[in-house]
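The values are calculated or read from the model by the stated rules, or taken from the named source; none is laboratory data. Because the structure is a prediction, the values reported are computed rather than measured. Cβ placement follows ideal geometry from the backbone for every residue including glycine, while neighbour counts extend to all protein chains displayed. These accessible areas exclude ligands, DNA and RNA; they are computed on the full protein's heavy atoms, side chains included. Shrake-Rupley method; radii C 1.70, N 1.55, O 1.52, S 1.80 Å.
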Amino acid sequence: MNFIENEDRGKTPELPAETVSGARLIPRITIQAFCEHSQTAQIIEDTTQDRRMSKVALTTHNGGLDGAVETYRTNPTPNLIIVETTLPADRIEAALGRLAEVCDASTRVIVIGHVNDVMLYRSLIRAGVSEYLVMPATSATIINAIADLFASEGAAPIGRSIGFISAKGGAGASTVAHNVAWAIARSIRQDVLVVDLDLPFGTAGLDFNQDPPQGVADAVFAQDKMDAVMLDRLMSKAANHISLLAAPATLDRTYDLSERSFEQIIELSQKHVPVVILDIPHLWTSWVRHTLAAVDEVVIVAEPDLANLRNAKSIADAVKAMRPTESDPIVVVNKTGIAKRPEIPASEFAASIECRLAGQIGFDPALFGTAANNGQMIAEVSASHKINEIFRSVGMQVTGRADVEASGRSAGLKLPDLFRMRKRA
């Protein structure tokens with residue numbers, strides 16, 4: 001057996017400058033790692049916490065190169081073998097030769113070594129090793145190496161997914177999500193797909209003045225038949241550069257969805273649309289958790305009061321725990337400035353939940369009410385209103401087009417007593 005030749009490895013396609021891309025999921029592959037140190041095994045095991053590795057079956061073993069050779073004398077080899085070696089440079093290639101004798105031709109190998117030598121690296125690559133990493137390596141380095149081998153191979157760029165969720169019912173996540181989608185489509189002229197995940201009560205169709213006969217429910221309940229052609233047929237055009245997968249918003253059936261009900265739809269959408277906006281209802285179910293863990297960006301929309309603060313903190317903490325290697329959620333504080341209502345200042349709100357403040361939107365019932373009743377976006381009702389710039393700013397941030405300094409993390413700001421009471425309880 002020869003390791004797969006270096007020149008046969010797939011190349012990452014060049015992305016146009018205007019393309020807004022999301023993380024590329026690694027396909028369903030099997031990886032087995034053979035380590036000489038427990039610290040290395042832990043680093044490799046930590047890679048499974050990254051959502052790009054959600055489909056990967058990974059196991060770690062002791063024994064390094066010798067352990068791998070003994071294992072594969074009597075067992076089939078996986079898609080990828082990761083081996084750690086502490087051998088000196090002049091003995092590594094010979095040891096890998098023994099591993100090559102017991103491996104299938106299609107198996108790829110990543111070597112983790114302790115010798116930082118460019119000549120060794122070149123020699124191993126010429127011999128057919130897929131990648132050589134030098135310790136101390138990080139989980140992110142290992143994931144990127146795996147992604148370069150499998151996720152980028154001949155694959156087209158995939159779109160960026162952004163999930164909007166309210167901290168409390170009525171906080172306005174749907175309105176913000178739809179107006180941000182409009183701002184992205186107008187500002188960078190990228191195609192945007194709005195997916196309304198609130199099947200019984202979704203408002204995307206109303207907000208865009210659309211009543212499509214089919215939508216996201218048809219996609220959910222036709223998982224076995226879903227493909228690019230069917231997705232295109234189910235999407236309805238709402239405006240220039242904006243399409244919808246609208247919710248049926250009917251109660252003629254119940255929607256008891258499984259954890260991965262929307263996974264295929266989202267992945268398929270990302271392959272065909274540069275920006276996918278997910279309007280996630282204010283629920284906490286297995287599929288909501290799974291969706292929030294899988295998207296590129298999470299936006300929490302909240303009003304500036306204590307109940308919203310508590311819920312936003314809970315959501316933010318849960319999302320951070322689910323995606324430790326990903327960017328933290330960002331927060332949009334909505335409906336600020338309501339007369340005679342005591343409010344938590346937006347900057348303090350963001351600092352308390354340890355999330356970056358992406359923007360704050362003032363309370364304007366006449367403007368938003370008119371837009372909702374007419375099935376229009378805010379920019380259509382009042383093109384010159386300053387709120388449009390906030391939506392545009394949020395859109396640029398979630399698509400990675402604006403570098404915003406991290407804010408709202410005041411070390412001296414204490415959380416409300418309510419949080420401390422909850423922790424003691």
(request) Quick one: accessible surface of K225, probe radius 1.4 Å, all protein chains present, in square angstrom to the nearest 10. (result) 150 Å²
(message) Taking 0.36 nm per residue of sequence separation and subtracting the Cα-Cα distance, how much length would be gained by fully extending the chain between A318 and D90, in nm to one decimal?
(response) 77.3 nm
(request) Could you tell me the accessible area of Y121 in Å² (1.4 Å probe, neighbours in place), rounded to the nearest ten? (result) 80 Å²
(message) Looking at the chain as a GNM with Cα springs under 10 Å, which of L25, L124, L309 has the largest mean-square fluctuation?
(response) L124
(message) Here is the link list: K55/K225; K237/K271; K225/K320; K313/K335; K237/K320; K225/K271. Which ones come out longer than 27 Å on Cα distance?
(response) K225/K320; K237/K320
(request) Work out from phi, with θ = phi - 60° and the Karplus expression 6.51 cos²θ - 1.76 cosθ + 1.60, the ³J(HN,Hα) of each residue of segment 80-97, listed in order in whole Hz, and give x for Gly and Pro. (result) 9, 10, 10, 10, 9, 9, 10, 5, x, 4, 6, 10, 5, 5, 5, 5, 5, x
(message) Antiparallel versus total DSSP beta bridges in segment 173-310: what percent is that, nearest 5?
(response) 25 percent
(request) Evaluate the charge dipole of segment 305-396 about its Cα centre and quote only its size in Debye, nearest 20, assuming +1 on the Cβ of each Lys and Arg and -1 on the Cβ of each Asp and Glu. (result) 100 debye
(request) May I ask you to evaluate 6.51 cos²θ - 1.76 cosθ + 1.60, the Karplus curve with θ = phi - 60°, for each residue of segment 314-331 and list the ³J(HN,Hα) values in order in whole Hz, giving x for glycine and proline? (result) 5, 5, 4, 5, 5, 5, 4, 5, 6, 10, x, 9, 9, 5, 5, x, 10, 10
(request) Would you work out the relative contact order for the chain, in percent, from Cα pairs under 8 angstrom that are 6 or more residues apart? (result) 16 percent
(message) So, taking all protein chains as they sit and a 1.4 Å probe, how much accessible area belongs to M235, in Å² rounded to tens?
(response) 40 Å²
(request) Show the residues, 5+ positions off or on another chain, whose built amide H is closer than 5 Å to the amide H of E36. (result) G64, E84
(message) Counting just the Cα atoms, what span does segment 135-273 cover along each of its three principal axes? Round to the nearest Å and put the largest first.
(response) 56, 36, 33
(request) Calculate how steeply helix 118-127 sits against the longest principal axis of the alpha-carbon atoms of the chain, using the helix alpha-carbon long axis, and give the answer as 0 to 90 degrees to the nearest 10. (result) 80 degrees
(request) Give the residue from P136, A95, P345 lying farthest towards the positive end of the charge dipole for the chain; charges sit on Cβ (+1 for Lys and Arg, -1 for Asp and Glu) and the dipole is referred to the Cα centre. (result) P345
(request) Using amide H atoms built 1.01 Å from N in the peptide plane, name the residues 5+ places from T77, or on other chains, whose amide H lies under 5 Å from its own. (result) D104
(request) Of the DSSP beta bridges with both residues in the chain, give the percent that are antiparallel, rounding to the nearest 5. (result) 10 percent
(request) Estimate the FRET efficiency between D252 and H385 by the formula 1/(1 + (r/R0)^6), using the beta-carbon distance for r and 51 Å for R0, to the nearest 0.05. (result) 0.85
(request) Starting from the residue with the highest accessible area, list T138, T399 in decreasing order, probe 1.4 Å. (result) T138, T399
(request) Decide, for segment 169-219, between rounded, prolate and oblate: order the square roots of the alpha carbon gyration tensor eigenvalues as a ≥ b ≥ c, take rounded if a/c falls under 1.5, and otherwise choose prolate if a/b is larger than b/c, else oblate. (result) oblate
(request) For V275, list long-range residues whose amide hydrogen, built 1.01 Å from N in the peptide plane, is under 5 Å from its own amide hydrogen. (result) R160, L193
(request) Using packing as a proxy for protection, rank 285-298, 29-42, 97-110, 183-196 so that the peptide with the highest average count of other Cβ atoms within 10 Å comes first. (result) 183-196, 285-298, 29-42, 97-110
